[in-house]
Amino acid sequence: MVRPALEVADIFRAHGPAWRQTQYAHLSLGQLKVMSAIEQCRSAALGGHVLHCPACAHDEIAYNSCRNRHCPKCQASAAKRWLEARQTELLPVDYYHVVFTLPAPISAIAYTNKAVIYRLLFEVAAETLRTIAADPKHLGARIGATLVLHTWGSALTHHPHVHGIVPGGGLSFNGERWVACKPGFFLPVRVLSRLFRRRFIEELERVHRNGQLQFFGEYAQLSDAAAFADWLAPLRECEWVVYAKRPFAGPAAVLAYLSRYTHRVAISNSRLVALDERGVTFKWKDYRTAGATRYKTMTLDTGEFMRRFLLHVLPGGFHRIRHYGLIANTGRRENLARARELLHVEPVVSVEADENAPTESAQPTFVCPDCGAPMIIVDTLARKYLIRAPPQLRGMP
(Lines give C-alpha, C1' and ligand atoms only; values in the text may rest on other atoms or scores of the structure.)
Protein backbone atom coordinates (compact mmCIF):
# COMPACT_ATOMS: atom_id res chain seq x y z
CA MET A 1 0.00 0.00 0.00
CA VAL A 2 1.36 3.41 -0.98
CA ARG A 3 1.78 5.75 1.95
CA PRO A 4 -0.20 9.02 1.59
CA ALA A 5 1.92 12.11 1.10
CA LEU A 6 0.52 13.59 4.32
CA GLU A 7 -0.98 11.86 7.36
CA VAL A 8 -2.68 12.98 10.55
CA ALA A 9 0.27 11.38 12.36
CA ASP A 10 2.67 13.76 10.57
CA ILE A 11 0.68 16.75 11.83
CA PHE A 12 0.57 15.45 15.39
CA ARG A 13 4.28 14.61 15.41
CA ALA A 14 5.29 18.01 14.06
CA HIS A 15 2.96 20.23 16.07
CA GLY A 16 1.42 18.06 18.79
CA PRO A 17 4.03 18.42 21.57
CA ALA A 18 4.04 22.24 21.52
CA TRP A 19 0.25 22.43 21.20
CA ARG A 20 -0.24 20.05 24.12
CA GLN A 21 1.82 22.34 26.33
CA THR A 22 -0.50 25.27 25.65
CA GLN A 23 -3.75 23.27 25.76
CA TYR A 24 -2.95 20.72 28.44
CA ALA A 25 -5.58 22.02 30.89
CA HIS A 26 -8.26 21.69 28.20
CA LEU A 27 -7.47 18.16 27.02
CA SER A 28 -8.94 15.01 28.54
CA LEU A 29 -6.91 11.92 29.31
CA GLY A 30 -8.68 10.15 26.44
CA GLN A 31 -7.66 12.87 23.98
CA LEU A 32 -4.05 12.76 25.18
CA LYS A 33 -4.01 8.98 24.73
CA VAL A 34 -5.33 9.31 21.18
CA MET A 35 -2.66 11.87 20.29
CA SER A 36 0.07 9.67 21.72
CA ALA A 37 -1.22 6.56 19.92
CA ILE A 38 -1.44 8.28 16.53
CA GLU A 39 2.00 9.88 16.92
CA GLN A 40 3.60 6.50 17.71
CA CYS A 41 1.62 4.43 15.21
CA ARG A 42 3.86 2.42 12.87
CA SER A 43 7.02 3.91 14.31
CA ALA A 44 9.97 2.45 16.19
CA ALA A 45 8.30 3.48 19.46
CA LEU A 46 5.85 0.56 19.18
CA GLY A 47 8.37 -2.00 18.00
CA GLY A 48 8.00 -4.14 14.90
CA HIS A 49 9.41 -6.95 12.79
CA VAL A 50 12.31 -7.41 10.42
CA LEU A 51 10.95 -9.06 7.26
CA HIS A 52 12.86 -11.06 4.66
CA CYS A 53 11.73 -12.23 1.22
CA PRO A 54 13.19 -15.68 0.39
CA ALA A 55 12.36 -15.15 -3.29
CA CYS A 56 14.30 -11.96 -4.01
CA ALA A 57 16.21 -11.38 -0.75
CA HIS A 58 14.47 -8.06 -0.11
CA ASP A 59 14.54 -6.95 3.55
CA GLU A 60 12.44 -4.34 5.28
CA ILE A 61 11.16 -3.29 8.70
CA ALA A 62 7.43 -3.27 9.47
CA TYR A 63 6.57 -1.28 12.57
CA ASN A 64 3.54 -2.16 14.71
CA SER A 65 0.23 -0.31 14.56
CA CYS A 66 -1.34 1.46 17.52
CA ARG A 67 -4.78 -0.14 16.81
CA ASN A 68 -6.49 2.88 18.33
CA ARG A 69 -10.05 3.19 16.98
CA HIS A 70 -9.51 6.89 16.25
CA CYS A 71 -6.37 6.34 14.16
CA PRO A 72 -6.92 6.81 10.39
CA LYS A 73 -4.34 4.10 9.58
CA CYS A 74 -5.67 1.32 11.81
CA GLN A 75 -9.26 0.87 10.66
CA ALA A 76 -8.95 -1.24 7.49
CA SER A 77 -8.24 -4.59 9.18
CA ALA A 78 -10.85 -3.98 11.89
CA ALA A 79 -13.47 -3.13 9.27
CA LYS A 80 -12.59 -6.25 7.26
CA ARG A 81 -12.99 -8.53 10.27
CA TRP A 82 -16.30 -6.90 11.23
CA LEU A 83 -17.71 -7.16 7.71
CA GLU A 84 -16.73 -10.81 7.37
CA ALA A 85 -18.69 -11.53 10.55
CA ARG A 86 -21.73 -9.67 9.15
CA GLN A 87 -21.86 -11.50 5.82
CA THR A 88 -23.72 -14.47 7.28
CA GLU A 89 -26.35 -12.16 8.83
CA LEU A 90 -27.60 -10.50 5.64
CA LEU A 91 -31.06 -11.42 4.38
CA PRO A 92 -32.14 -11.48 0.69
CA VAL A 93 -34.33 -8.39 1.05
CA ASP A 94 -34.03 -4.68 0.35
CA TYR A 95 -31.97 -2.73 2.89
CA TYR A 96 -32.53 0.92 3.71
CA HIS A 97 -30.23 3.64 5.00
CA VAL A 98 -31.80 5.84 7.69
CA VAL A 99 -30.07 8.80 9.38
CA PHE A 100 -31.04 10.51 12.65
CA THR A 101 -29.36 13.87 13.35
CA LEU A 102 -29.35 16.01 16.49
CA PRO A 103 -30.11 19.75 16.18
CA ALA A 104 -27.17 22.12 16.60
CA PRO A 105 -28.13 23.33 20.13
CA ILE A 106 -28.14 19.77 21.45
CA SER A 107 -24.90 19.02 19.63
CA ALA A 108 -23.36 21.93 21.52
CA ILE A 109 -24.16 20.50 24.97
CA ALA A 110 -23.40 16.95 23.81
CA TYR A 111 -19.68 17.72 23.72
CA THR A 112 -19.49 17.90 27.52
CA ASN A 113 -22.04 15.10 27.95
CA LYS A 114 -20.89 12.63 25.32
CA ALA A 115 -21.65 9.35 27.08
CA VAL A 116 -25.16 10.42 28.12
CA ILE A 117 -26.34 12.12 24.92
CA TYR A 118 -24.72 9.68 22.49
CA ARG A 119 -26.39 6.83 24.39
CA LEU A 120 -29.74 8.61 24.15
CA LEU A 121 -29.19 9.14 20.43
CA PHE A 122 -28.71 5.41 19.93
CA GLU A 123 -31.57 4.31 22.15
CA VAL A 124 -34.16 6.83 20.95
CA ALA A 125 -33.33 6.28 17.26
CA ALA A 126 -33.69 2.50 17.70
CA GLU A 127 -36.90 2.90 19.70
CA THR A 128 -38.34 5.21 17.04
CA LEU A 129 -37.67 2.73 14.24
CA ARG A 130 -39.12 -0.21 16.15
CA THR A 131 -42.18 1.72 17.36
CA ILE A 132 -43.21 3.02 13.93
CA ALA A 133 -42.47 -0.33 12.29
CA ALA A 134 -44.61 -2.11 14.88
CA ASP A 135 -47.60 0.12 14.11
CA PRO A 136 -50.02 -1.81 11.83
CA LYS A 137 -50.71 1.44 9.95
CA HIS A 138 -47.12 1.39 8.68
CA LEU A 139 -45.59 -2.10 8.76
CA GLY A 140 -46.86 -4.08 11.72
CA ALA A 141 -43.70 -6.12 12.28
CA ARG A 142 -40.65 -6.57 14.49
CA ILE A 143 -37.61 -5.23 12.67
CA GLY A 144 -33.88 -5.14 13.23
CA ALA A 145 -31.36 -2.34 12.76
CA THR A 146 -27.62 -1.74 12.85
CA LEU A 147 -26.79 1.78 14.01
CA VAL A 148 -23.39 3.45 13.56
CA LEU A 149 -22.47 6.66 15.39
CA HIS A 150 -20.68 9.48 13.56
CA THR A 151 -19.93 12.69 15.45
CA TRP A 152 -18.42 14.83 12.69
CA GLY A 153 -19.36 16.92 9.72
CA SER A 154 -17.19 17.09 6.62
CA ALA A 155 -15.39 20.16 8.03
CA LEU A 156 -14.62 18.29 11.30
CA THR A 157 -17.26 20.21 13.26
CA HIS A 158 -19.20 18.46 16.03
CA HIS A 159 -22.24 16.99 14.29
CA PRO A 160 -23.57 13.88 16.10
CA HIS A 161 -25.79 11.58 14.04
CA VAL A 162 -26.42 7.87 13.63
CA HIS A 163 -26.55 5.93 10.38
CA GLY A 164 -28.98 3.02 10.42
CA ILE A 165 -28.91 0.03 8.08
CA VAL A 166 -32.35 -1.60 8.25
CA PRO A 167 -33.83 -4.62 6.41
CA GLY A 168 -36.97 -3.76 4.47
CA GLY A 169 -39.33 -5.84 6.55
CA GLY A 170 -39.59 -7.87 9.73
CA LEU A 171 -41.19 -10.79 11.53
CA SER A 172 -44.88 -10.70 12.35
CA PHE A 173 -45.62 -10.55 16.07
CA ASN A 174 -46.57 -14.23 16.17
CA GLY A 175 -43.44 -15.14 14.20
CA GLU A 176 -45.44 -16.95 11.52
CA ARG A 177 -44.69 -14.78 8.48
CA TRP A 178 -42.27 -12.24 7.04
CA VAL A 179 -43.85 -8.80 6.60
CA ALA A 180 -42.19 -6.89 3.75
CA CYS A 181 -42.42 -3.12 3.36
CA LYS A 182 -43.70 -1.54 0.18
CA PRO A 183 -41.20 -1.69 -2.72
CA GLY A 184 -38.89 1.31 -2.55
CA PHE A 185 -40.51 2.70 0.61
CA PHE A 186 -39.51 1.90 4.17
CA LEU A 187 -41.22 4.10 6.77
CA PRO A 188 -42.55 7.71 6.56
CA VAL A 189 -39.69 10.00 7.55
CA ARG A 190 -42.01 12.75 8.81
CA VAL A 191 -43.57 10.34 11.30
CA LEU A 192 -40.11 9.11 12.31
CA SER A 193 -38.91 12.68 12.79
CA ARG A 194 -41.84 13.70 14.99
CA LEU A 195 -41.55 10.68 17.28
CA PHE A 196 -37.76 10.99 17.43
CA ARG A 197 -38.05 14.65 18.46
CA ARG A 198 -40.66 14.00 21.15
CA ARG A 199 -38.93 10.98 22.67
CA PHE A 200 -35.47 12.55 22.65
CA ILE A 201 -36.70 15.69 24.41
CA GLU A 202 -38.53 13.56 26.98
CA GLU A 203 -35.38 11.56 27.67
CA LEU A 204 -33.26 14.71 27.78
CA GLU A 205 -35.59 16.16 30.42
CA ARG A 206 -35.34 12.95 32.41
CA VAL A 207 -31.54 12.88 32.52
CA HIS A 208 -31.54 16.58 33.41
CA ARG A 209 -33.87 15.94 36.37
CA ASN A 210 -31.58 13.12 37.47
CA GLY A 211 -28.56 15.42 37.45
CA GLN A 212 -26.77 13.48 34.72
CA LEU A 213 -25.94 16.51 32.54
CA GLN A 214 -23.03 18.90 33.06
CA PHE A 215 -22.96 22.47 31.81
CA PHE A 216 -20.01 24.86 31.52
CA GLY A 217 -19.24 28.32 30.18
CA GLU A 218 -22.06 29.92 28.23
CA TYR A 219 -24.32 26.95 29.04
CA ALA A 220 -23.76 27.00 32.82
CA GLN A 221 -27.19 28.54 33.44
CA LEU A 222 -28.88 25.45 31.95
CA SER A 223 -28.29 23.64 35.23
CA ASP A 224 -31.40 25.49 36.43
CA ALA A 225 -34.61 23.59 35.59
CA ALA A 226 -36.51 26.69 34.47
CA ALA A 227 -33.67 27.90 32.23
CA PHE A 228 -33.36 24.43 30.73
CA ALA A 229 -37.09 24.31 29.99
CA ASP A 230 -36.89 27.70 28.23
CA TRP A 231 -33.89 26.50 26.24
CA LEU A 232 -35.78 23.38 25.16
CA ALA A 233 -38.90 25.24 24.04
CA PRO A 234 -37.71 26.17 20.50
CA LEU A 235 -36.45 22.61 19.96
CA ARG A 236 -40.00 21.30 20.34
CA GLU A 237 -41.04 23.28 17.26
CA CYS A 238 -38.06 23.09 14.91
CA GLU A 239 -37.55 20.34 12.35
CA TRP A 240 -35.35 17.43 13.37
CA VAL A 241 -33.51 15.90 10.43
CA VAL A 242 -34.40 12.27 9.77
CA TYR A 243 -34.16 10.85 6.28
CA ALA A 244 -34.22 7.47 4.55
CA LYS A 245 -32.32 6.76 1.36
CA ARG A 246 -33.50 4.49 -1.43
CA PRO A 247 -32.83 0.76 -0.97
CA PHE A 248 -29.47 -0.75 -1.75
CA ALA A 249 -28.99 -2.89 -4.84
CA GLY A 250 -28.73 -6.18 -2.97
CA PRO A 251 -26.80 -7.49 0.04
CA ALA A 252 -23.42 -7.05 -1.67
CA ALA A 253 -24.08 -3.31 -1.97
CA VAL A 254 -24.98 -3.20 1.72
CA LEU A 255 -21.60 -4.64 2.66
CA ALA A 256 -19.80 -2.25 0.31
CA TYR A 257 -21.63 0.65 1.92
CA LEU A 258 -21.00 -0.57 5.46
CA SER A 259 -17.30 -0.86 4.71
CA ARG A 260 -17.24 2.90 4.15
CA TYR A 261 -19.14 3.78 7.31
CA THR A 262 -18.58 1.34 10.18
CA HIS A 263 -14.96 2.09 11.01
CA ARG A 264 -14.63 5.58 9.59
CA VAL A 265 -12.82 8.23 11.64
CA ALA A 266 -13.23 12.01 11.65
CA ILE A 267 -10.95 12.47 8.64
CA SER A 268 -9.02 10.05 6.46
CA ASN A 269 -5.43 10.65 5.41
CA SER A 270 -6.52 10.71 1.76
CA ARG A 271 -8.39 13.99 2.36
CA LEU A 272 -5.29 15.84 3.58
CA VAL A 273 -3.76 18.14 0.96
CA ALA A 274 -0.95 20.15 2.56
CA LEU A 275 0.74 21.16 5.81
CA ASP A 276 2.55 24.50 5.60
CA GLU A 277 2.95 27.87 7.31
CA ARG A 278 -0.76 28.62 6.75
CA GLY A 279 -1.89 25.46 8.54
CA VAL A 280 -3.55 22.24 7.37
CA THR A 281 -5.40 22.15 4.05
CA PHE A 282 -7.88 19.33 3.47
CA LYS A 283 -10.74 18.39 1.17
CA TRP A 284 -14.32 18.67 2.36
CA LYS A 285 -17.84 18.45 0.97
CA ASP A 286 -20.25 21.38 1.29
CA TYR A 287 -23.69 19.76 1.47
CA ARG A 288 -25.41 23.14 1.11
CA THR A 289 -24.51 23.23 -2.59
CA ALA A 290 -25.10 20.78 -5.41
CA GLY A 291 -22.96 19.37 -8.20
CA ALA A 292 -19.21 19.54 -8.52
CA THR A 293 -19.04 22.87 -6.65
CA ARG A 294 -19.75 21.10 -3.35
CA TYR A 295 -16.23 19.61 -3.35
CA LYS A 296 -13.92 22.22 -1.82
CA THR A 297 -10.73 22.65 0.16
CA MET A 298 -10.39 24.30 3.57
CA THR A 299 -7.32 25.54 5.43
CA LEU A 300 -7.30 25.59 9.23
CA ASP A 301 -4.67 26.74 11.66
CA THR A 302 -2.75 23.67 12.79
CA GLY A 303 -3.94 24.02 16.38
CA GLU A 304 -7.56 24.40 15.25
CA PHE A 305 -7.24 21.31 13.05
CA MET A 306 -5.99 19.23 15.99
CA ARG A 307 -8.70 20.64 18.24
CA ARG A 308 -11.43 19.71 15.76
CA PHE A 309 -9.99 16.23 15.26
CA LEU A 310 -9.96 15.60 19.00
CA LEU A 311 -13.58 16.76 19.36
CA HIS A 312 -14.53 13.30 18.12
CA VAL A 313 -12.71 11.16 20.66
CA LEU A 314 -15.33 8.86 22.15
CA PRO A 315 -15.64 8.07 25.86
CA GLY A 316 -13.69 5.01 26.95
CA GLY A 317 -15.58 1.77 26.36
CA PHE A 318 -18.34 3.44 24.34
CA HIS A 319 -19.56 1.22 21.48
CA ARG A 320 -20.13 3.14 18.26
CA ILE A 321 -21.73 0.20 16.40
CA ARG A 322 -24.86 -1.31 17.96
CA HIS A 323 -27.52 -3.80 16.90
CA TYR A 324 -31.19 -3.64 17.86
CA GLY A 325 -34.39 -5.61 17.45
CA LEU A 326 -34.14 -8.84 15.47
CA ILE A 327 -30.37 -8.54 15.13
CA ALA A 328 -29.62 -7.58 18.73
CA ASN A 329 -26.98 -9.83 20.26
CA THR A 330 -29.64 -11.61 22.34
CA GLY A 331 -31.68 -13.83 20.04
CA ARG A 332 -29.94 -12.81 16.80
CA ARG A 333 -29.21 -16.34 15.63
CA GLU A 334 -32.74 -17.61 16.28
CA ASN A 335 -34.41 -14.56 14.71
CA LEU A 336 -32.30 -14.72 11.55
CA ALA A 337 -32.87 -18.45 11.21
CA ARG A 338 -36.63 -17.92 11.45
CA ALA A 339 -36.50 -15.07 8.93
CA ARG A 340 -34.58 -17.23 6.43
CA GLU A 341 -37.07 -20.03 6.91
CA LEU A 342 -39.99 -17.72 6.14
CA LEU A 343 -38.13 -16.23 3.17
CA HIS A 344 -37.39 -19.76 1.87
CA VAL A 345 -33.65 -19.24 2.00
CA GLU A 346 -31.14 -21.96 2.74
CA PRO A 347 -29.54 -21.64 6.19
CA VAL A 348 -26.13 -19.99 6.14
CA VAL A 349 -23.30 -22.20 7.38
CA SER A 350 -20.09 -20.42 8.32
CA VAL A 351 -16.80 -21.82 7.10
CA GLU A 352 -15.72 -22.39 10.69
CA ALA A 353 -18.80 -24.51 11.40
CA ASP A 354 -18.59 -26.57 8.20
CA GLU A 355 -15.98 -29.27 8.69
CA ASN A 356 -16.39 -30.44 5.08
CA ALA A 357 -15.80 -27.01 3.55
CA PRO A 358 -12.70 -26.84 1.37
CA THR A 359 -9.83 -25.12 3.10
CA GLU A 360 -8.44 -22.15 1.25
CA SER A 361 -4.77 -21.28 1.45
CA ALA A 362 -4.26 -18.55 4.00
CA GLN A 363 -3.28 -15.17 2.64
CA PRO A 364 0.23 -14.13 3.72
CA THR A 365 0.38 -11.44 6.36
CA PHE A 366 3.36 -9.74 4.75
CA VAL A 367 3.93 -9.52 0.99
CA CYS A 368 7.13 -8.43 -0.69
CA PRO A 369 6.68 -5.04 -2.42
CA ASP A 370 9.23 -6.01 -5.08
CA CYS A 371 8.16 -9.48 -6.24
CA GLY A 372 4.86 -10.15 -4.44
CA ALA A 373 6.08 -13.28 -2.66
CA PRO A 374 5.29 -13.97 1.02
CA MET A 375 7.80 -12.52 3.46
CA ILE A 376 8.95 -14.16 6.67
CA ILE A 377 9.77 -12.61 10.04
CA VAL A 378 13.46 -12.99 10.85
CA ASP A 379 13.69 -10.70 13.88
CA THR A 380 11.46 -8.86 16.33
CA LEU A 381 12.03 -5.29 17.47
CA ALA A 382 10.96 -4.53 21.03
CA ARG A 383 8.84 -1.45 21.67
CA LYS A 384 10.45 1.51 23.39
CA TYR A 385 9.16 2.14 26.88
CA LEU A 386 8.82 5.72 27.99
CA ILE A 387 11.04 6.79 30.87
CA ARG A 388 8.93 7.19 34.00
CA ALA A 389 9.70 8.71 37.35
CA PRO A 390 10.82 6.24 40.03
CA PRO A 391 8.14 5.12 42.53
CA GLN A 392 7.79 7.27 45.60
CA LEU A 393 9.52 5.96 48.71
CA ARG A 394 7.03 4.52 51.18
CA GLY A 395 9.28 4.90 54.17
CA MET A 396 12.40 3.21 55.42
CA PRO A 397 12.13 -0.32 56.85
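Pairing each residue of the range 229-248 that is farther than 19 Å from THR128 by Cβ with any residue that is among the polar types (S, T, N, Q), provided the two are 6+ apart or on different chains, yields C-beta distances under 9 Å for TRP231/GLN221.
Counting only residues that are among the hydrophobic types (A, V, I, L, M, F, W, C) and more than 20 Å from LEU120 (Cα to Cα), which one in the range 135-173 is surrounded by the fewest Cβ atoms within 10 Å (Cβ to Cβ)? Talk me through it step by step, then tell me what you get.
Let us first name the residues in the range 135-173 that are among the hydrophobic types (A, V, I, L, M, F, W, C), namely 139, 141, 143, 145, 147-149, 152, 155-156, 162, 165-166, 171, 173.
From what's left, more than 20 Å from LEU120 (Cα to Cα): 139, 141, 155-156, 171, 173.
Working: LEU139: 20, ALA141: 22, ALA155: 15, LEU156: 23, LEU171: 20, PHE173: 12.
So the residue we want is PHE173.
Only one of (1) among the aliphatic types (A, V, I, L, M); (2) in a helix (DSSP H, G or I); (3) modelled with pLDDT under 95 fails for VAL93. Which number is that? Single failed check for VAL93: (2).
Give the number of residues within the range 144-165 that are among the β-branched types (Val, Ile, Thr), assigned to a strand (DSSP E or B) and under 21 Å from ARG294 (Cα atoms).
The first filter runs over the range 144-165 and keeps only residues among the β-branched types (Val, Ile, Thr), leaving 146, 148, 151, 157, 162, 165.
Imposing the further condition that a residue be assigned to a strand (DSSP E or B) reduces the set to 146, 148, 151, 162, 165.
This time we only want the ones that are under 21 Å from ARG294 (Cα atoms), so: 151.
Residues meeting the conditions: 1.
Just so you know, in the range 100-132 the residues that are in contact with a strand residue (DSSP E or B) (Cβ under 6 Å, 6 or more places away or on another chain) and closer than 13 Å to GLY144 by Cα include one that is surrounded by the fewest Cβ atoms within 10 Å (Cβ to Cβ), and it is ARG130.
Residues that are touching a His at 6+ places or on another chain (Cβ under 8 Å), outside any helix (DSSP H, G or I), of a type in the set (Gly, Ala, Ser) and touching a residue at least 60 places away in the same chain (Cβ under 8 Å) do not occur anywhere in the range 273-291. Within the range 353-376, being under 34 Å from the mean Cα position of the chain (by Cα), modelled with pLDDT of 85 or more and part of a loop (DSSP other than H, G, I, E, B) holds for PHE366, CYS368, PRO369, GLY372, MET375. Against the list (1) among the polar types (S, T, N, Q); (2) in contact (Cβ under 8 Å) with a residue 60 or more places away in the chain; (3) farther than 30 Å from GLY169 by Cβ, the condition SER259 fails is (3). Of the candidates CYS74, CYS56, the single residue that is part of a loop (DSSP other than H, G, I, E, B) and more than 28 Å from LEU121 (Cβ to Cβ) is CYS56. Being in contact with a strand residue (DSSP E or B) (Cβ under 6 Å, 6 or more places away or on another chain), open to solvent by 30 Å² or more (accessible area, probe 1.4 Å) and under 30 Å from ALA339 (Cβ atoms) is a property that ARG81 lacks.
Checked against the criterion of being touching a helix residue (DSSP H, G or I) at 6+ places or on another chain (Cβ under 7 Å), open to solvent by 30 Å² or more (accessible area, probe 1.4 Å) and part of a helix (DSSP H, G or I), the range 3-11 has no qualifying residue.
Restricting the first member to the range 372-383 and to residues that are among the basic types (Lys, Arg), and the second to residues that are modelled with pLDDT of 90 or more and assigned to a loop (DSSP other than H, G, I, E, B), the beta-carbon pairs closer than 6 Å and six or more apart or on different chains are ARG383/GLY47.
The values are calculated or read from the model by the stated rules, or taken from the named source; none is laboratory data. Here the structure is a predicted model, which is why all the values come from computation and not from measurement. In this analysis, Cβ positions are derived from the backbone assuming ideal geometry, glycine residues included, and neighbour counts consider all displayed protein chains. All accessible areas refer to the heavy atoms of the entire protein, side chains included, with ligands and DNA or RNA removed. Shrake-Rupley method; radii C 1.70, N 1.55, O 1.52, S 1.80 Å.
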